[in-house]
Amino acid sequence: MLGRQIETVHLDTETTPATGSRVAERMITREDCGFLIGAVSSGVANAVSQGAQRYGVIYLNTNSSSPSESGENCHRVKFVWDGNGTNFAKAAVKNAVDAYGKKWLLLTNDYGWGHDTANATRALMAQYGAEEVQEILVPQGTPDFAAALLSIQQANPDVISAAIGGDDQVAMRQQVAQLGMGAKPAWINNQQDWPDVYGLPIENLFGVFGTTWYWNLELPGVKEFVARYQAMYPDTSMRVPGNVFYNGYMATKGLLEAIEAAGTSNNIAVIKQLEGYKRSAEERMQHHDAYMDPVTHQLQQTIYLATANTEAGDNKDDMFKILTQSAPDVVKDESAAKACVLESYDDTPTFDA
């Protein structure tokens, strides 16, 4: 790129903000990284982005979906490439109220992403006439959902809106399936990351959930993309790419294209290129064109709702059945623009990466 070799450094944030902050500091000051990419947890992403802004290092948040990441925790150097809790809730809530009923229970991971997602869902519930009968807070790292599931049975809601992520979601899905609670009440899972469910029994994949992409979409370029993935990673246990890989790939591709278009690795020049990012549906392998919101630095893209594919037959990788696809402006997080105040270019340290 620009006649220079691209080098990568990988460090583990341990999914904790304090470690994320230390990792970002080390990558910037000791490893001389000019760009940062990643972070799974929204809390970690926020910590990483604070350090990145302090040094002016561009940070691509590719896979954490708290609305606060492009709201009150936005930064000039940070670009958010995933859908957020509000996007997914907008795609799901009205349909679920109409289809299943107005008596709702919120099952929420007790940290930033969970709370922000629940609040976004709560606002839409009020808009469409749903009643919140209870919210159950679930600490991160919960292996046993017995108490929460007993409370759900006692409350007897029409709909459970779950903002449970990572390993917690795997444990929850297994225990819900074991108790036969996956069909009723109706479950709305805000977002479903592919690595969290890949290889699980199909009965564990209950409810309706959101995603930004699926490997079996019948769209131009998808089959070729999957083939390239399989050729590059022939020994991986995850035989097809999911939304997490897709988000990271598209963000990295967008960054390299921005550097090339700017003709320099100067951070301010690259930031301005990323703020003007626009790609066609065909380029993105999605149903709608996508663009970077220059006010919030969140990518506006197609949001899909899916459920378990019970008709996959022998193809165990074809786990999702896509139900709907929503255009970016239909599910846009309007509240983010009110909360986000980006630092000025002058207040952002400038350097050539």
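How many residues are surrounded by fewer than 17 Cβ atoms within 10 Å (Cβ to Cβ), among the aliphatic types (A, V, I, L, M) and within 26 Å of the chain's Cα centre (by Cα) when one looks only at region 126-145?
2
Considering only residues that are touching a strand residue (DSSP E or B) at 6+ places or on another chain (Cβ under 8 Å) and either free of Cβ contacts under 8 Å to residues at least 24 places away in the same chain or over 18 Å from ALA99 (Cβ atoms) (or both), which ones fall in region 140-159?
Residues satisfying the conditions are GLN140, PHE145, ALA148, SER151, ILE152, ALA155.
Okay, residues lined up against (1) in a loop (DSSP other than H, G, I, E, B); (2) more than 25 Å from ASN190 (Cα to Cα); (3) out of contact with any strand residue (DSSP E or B) (no Cβ under 7 Å at 6 or more places or on another chain):
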| position | (1), (2), (3) |
| --- | --- |
| GLU282 | no, yes, yes |
| GLN286 | yes, no, yes |
| LEU305 | no, no, no |
| ASN315 | yes, yes, yes |
| ILE322 | no, no, no |
| GLN325 | no, no, no |
| ALA337 | no, no, yes |
| LEU342 | yes, yes, yes |
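Go through (1) farther than 30 Å from PHE245 by Cβ; (2) surrounded by fewer than 19 Cβ atoms within 10 Å (Cβ to Cβ) for ILE202 and report which single condition fails.
With (1) farther than 30 Å from PHE245 by Cβ; (2) surrounded by fewer than 19 Cβ atoms within 10 Å (Cβ to Cβ) applied to ILE202, the lone miss is (1).
Inside region 300-337, can you point out the residues that are under 18 Å from PHE79 (Cα atoms) and without any contact (Cβ under 8 Å) to a residue 12 or more places away in the chain?
GLU334
Tell me whether region 146-159 contains one or more residues that are under 30 Å from ALA251 (Cα atoms) and crowded, with 21+ Cβ neighbours inside 10 Å.
No, region 146-159 contains no residue that is under 30 Å from ALA251 (Cα atoms) and crowded, with 21+ Cβ neighbours inside 10 Å.
Check ASN266 against each of (1) in contact with a Phe, Trp or Tyr (Cβ under 7 Å, 6 or more places away or on another chain); (2) farther than 21 Å from TYR198 by Cβ; (3) among the polar types (S, T, N, Q) and name the one condition it does not meet.
Looking at each condition in turn, ASN266 falls short on (1).
Would you point out the residue of region 243-271, among those that are farther than 20 Å from PRO328 by Cα, in contact (Cβ under 8 Å) with a residue 24 or more places away in the chain and not β-branched (Val, Ile, Thr), that is surrounded by the fewest Cβ atoms within 10 Å (Cβ to Cβ)?
Applying the filter and picking the extreme gives GLY263.
Select, from GLU14, GLU72, the only residue that is more than 15 Å from the chain's Cα centre (by Cα) and free of Cβ contacts under 8 Å to residues at least 12 places away in the same chain.
Among GLU14, GLU72, only GLU14 is more than 15 Å from the chain's Cα centre (by Cα) and free of Cβ contacts under 8 Å to residues at least 12 places away in the same chain.
Checking TYR111 against (1) surrounded by 23 or more Cβ atoms within 10 Å (Cβ to Cβ); (2) among the aromatic types (Phe, Trp, Tyr); (3) closer than 21 Å to ASP193 by Cα, which test does it fail?
So the condition that TYR111 fails would be (1).
Does SER49 qualify as being at pLDDT below 95, at negative phi and of a type outside the set (Phe, Trp, Tyr)?
no
The values are calculated or read from the model by the stated rules, or taken from the named source; none is laboratory data. Predicted model, so just to flag it, every value in this text is computed and none were measured. No Cβ is skipped: glycine too gets one built from the backbone with ideal geometry, and neighbour counts run over all protein chains shown.
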